[in-house]
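Participant: What follows is a single structure, and I will ask about it in a moment.
The values are calculated or read from the model by the stated rules, or taken from the named source; none is laboratory data. Bear in mind the structure is a predicted one, so any value in this text is a computation, not a measurement. Here Cβ is always computed from backbone atoms with ideal geometry, including for glycine, and neighbour counts include all displayed protein chains.
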Ligand SMILES: Cc1ncc(COP(=O)(O)O)c(C=O)c1O
């Protein structure tokens, strides 16, 4: 097997990560503890939200959002047909119905128009996935959702801390969810966060996050809750990562700009587009391959790049291609799935690495 020289992702620890994790261990607060409180407090201040709940990962964040909204069996939840499909999977676990929606072929995100086409009287929530660090067109979507009185969950797992009209992705809808998995912009190994402003909603989610137990009375299950808590050790890592956020973001911007400089105008490659009011922090730089210029297809390009020691990732499969969902054909999502590859985009990727990746991609194009 060829040795991977440039991996797709790599977490970097530049600050007090080891020190804070050690502090958590030494304190013996290894389940809940002060780093969890601090991470929630720092995160909500940064995002301008009233409440933040730290959770065990980005999938439980979505699950908690559904529980907070009292999603019931048979409720319909609108989710994009192209993107990471955690929101659809959690819907199935709750016997809710994921209703898949087309996305815009240039931004790869859902639009108000796409969503409007799939709403029904049974729609109980809309989940926006801000794919690869892009942000959906929030003004039009929020206007539609408010008109129909449907809560909006922003799955900002890939879009922290991208902004829409200056507001952080995840802070605009009814609930925002985030992932701190190892490849994400800040990481706690596994982890996540839920943001919301509504006090009652947050009280419900707080209960469901921890066994449905009320603190004031031991072992009294108020609701059939889960254990979705983040540990103090993971939160310690998260606090240190947040302290490095400016540096992480500026290095990610450098990486994105370097790719743009090389890839814009390169035959056969089309970068993801961002709306003018979106200020993205790109989680993964991704391109569409033109089948005329790359006739070997997406999967062959991935293998050929791997032979050069460079790990690219394929785009997501469209929901309509996966057997676990009841989803009719989504031509735009399927076309994106067939043609997108994403490239290494982590903060310590050097400009020389980026040149090498772009040179290799150009070399694979049909001349
Ligand atoms: C958009 C999106 N939502 C949710 C998740 C799930 O997050 P986690 O892996 O932390 O459960 C991911 C991926 O990790 C994601 O990319």
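Participant: Pick from 127, 135: which is farther than 28 Å from residue 240 by Cα, crowded, with 24+ Cβ neighbours inside 10 Å, assigned by TED's automatic domain parsing to the domain that holds residue 75 and within 16 Å of the ligand (Cβ to nearest atom)?
Facilitator: Of the residues listed, the single one that is farther than 28 Å from residue 240 by Cα, crowded, with 24+ Cβ neighbours inside 10 Å, assigned by TED's automatic domain parsing to the domain that holds residue 75 and within 16 Å of the ligand (Cβ to nearest atom) is 127.
Participant: Inside segment 151-172, can you point out the residues that are in contact (Cβ under 8 Å) with a residue 40 or more places away in the chain and touching a strand residue (DSSP E or B) at 6+ places or on another chain (Cβ under 7 Å)?
Facilitator: 151, 153, 155, 157, 160, 161, 162, 163, 164, 170, 171
Participant: Hey, among the residues in segment 182-197 that are buried (at least 24 other Cβ atoms within 10 Å of the Cβ) and assigned to a strand (DSSP E or B), which one's nearest to the ligand (Cβ to nearest atom)?
Facilitator: 192
Participant: Residue 242: away from the ligand (no atom under 16 Å from the Cβ), over 30 Å from residue 140 (Cα atoms) and part of a helix (DSSP H, G or I), yes or no?
Facilitator: yes
Participant: Here's another thing I want to ask about it. Could you check how many residues of segment 154-172 are part of a strand (DSSP E or B) and either surrounded by 24 or more Cβ atoms within 10 Å (Cβ to Cβ) or near the ligand (Cβ under 8 Å from one of its atoms) (or both)?
Facilitator: 4
Participant: Being in contact with a helix residue (DSSP H, G or I) (Cβ under 6 Å, 6 or more places away or on another chain) and either at pLDDT 95 or above or not assigned by TED's automatic domain parsing to the domain that holds residue 316 (or both) narrows it down to one residue among 43, 13, 35, 84; which is it?
Facilitator: None of the others qualify; the one that does is 35.
Participant: May I ask you to list the residues in segment 297-314 that are out of contact with any helix residue (DSSP H, G or I) (no Cβ under 7 Å at 6 or more places or on another chain) and part of a loop (DSSP other than H, G, I, E, B)?
Facilitator: 297, 309, 311
Participant: Just checking, does segment 8-25 include any residue being surrounded by fewer than 21 Cβ atoms within 10 Å (Cβ to Cβ) and closer than 13 Å to residue 205 by Cβ?
Facilitator: No, there is no match, as no residue in segment 8-25 is surrounded by fewer than 21 Cβ atoms within 10 Å (Cβ to Cβ) and closer than 13 Å to residue 205 by Cβ.
Participant: Further question: Checking the structure you have, find out if any residue of segment 173-181 is under 16 Å from residue 134 (Cα atoms), more than 14 Å from the chain's Cα centre (by Cα) and more than 15 Å from the ligand (Cβ to nearest atom).
Facilitator: Among the residues of segment 173-181, not one is under 16 Å from residue 134 (Cα atoms), more than 14 Å from the chain's Cα centre (by Cα) and more than 15 Å from the ligand (Cβ to nearest atom), which makes the answer no.
Participant: Still on this structure, please answer the following. Select the helices (runs of 4 or more DSSP H) contained entirely in segment 47-131, then report the ones holding at least 2 residues which are closer than 17 Å to residue 320 by Cα and under 15 Å from the mean Cα position of the chain (by Cα).
Facilitator: 86-93
Participant: Hey, another quick one. Residues in segment 290-299: is at least one within 16 Å of the ligand (Cβ to nearest atom), buried (at least 22 other Cβ atoms within 10 Å of the Cβ) and at pLDDT 95 or above?
Facilitator: no
Participant: Any idea which of 204, 215, 209 is within 16 Å of the ligand (Cβ to nearest atom) and over 16 Å from the mean Cα position of the chain (by Cα)?
Facilitator: Answer to the selection: 209.
Participant: Out of the residues in segment 49-63 that are more than 12 Å from residue 231 (Cα to Cα) and near the ligand (Cβ under 8 Å from one of its atoms), state the one that is surrounded by the fewest Cβ atoms within 10 Å (Cβ to Cβ).
Facilitator: Within segment 49-63, the match that is surrounded by the fewest Cβ atoms within 10 Å (Cβ to Cβ) is 59.
Participant: Please state which one of 10, 18 is out of contact with any strand residue (DSSP E or B) (no Cβ under 9 Å at 6 or more places or on another chain) and under 30 Å from residue 319 (Cα atoms).
Facilitator: Just a single option satisfies the conditions, and that option is 10.
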